[in-house]
Amino acid sequence: MAEVERLKAPWIVAEHPESFVVEDASGQHLAYVYFEDEPGRRRATKRISKEMARRLANRIARIPDLDTNKEEGSNG
């Protein structure tokens, strides 16, 4: 069986001019969530709003917490 690579917790969200980047504790980029705040450009580029992108990136960054809770629950 292949060994599962574990990404180092905690995962953080870093804001960039047009995106949020989810990074693990070692600085590896795990996900990019792009946004556009100007409504006309948002429709043209098919991007989401900055607030929606922030919420999505924060949910992605919580994945290690969910995995830890799952493992703790299975030990009981």
message = How big is the stretch 12-74 along each principal axis, measuring the range of its Cα positions in Å and listing the largest first?
response = 48, 23, 13
task = Could you list which residues have their amide H under 5 Å from that of residue 31, counting only those 5 or more apart in sequence or on another chain, with H placed in the peptide plane?
result = 22
remark   = Any residue on another chain or 5+ positions along whose placed amide H is under 5 Å from the amide H of residue 48 is listed here as 36
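Each reported figure results from applying straightforward, stated rules to the coordinates on display, with no laboratory input. All of these numbers come straight from a predicted model, not from anything done at the bench.
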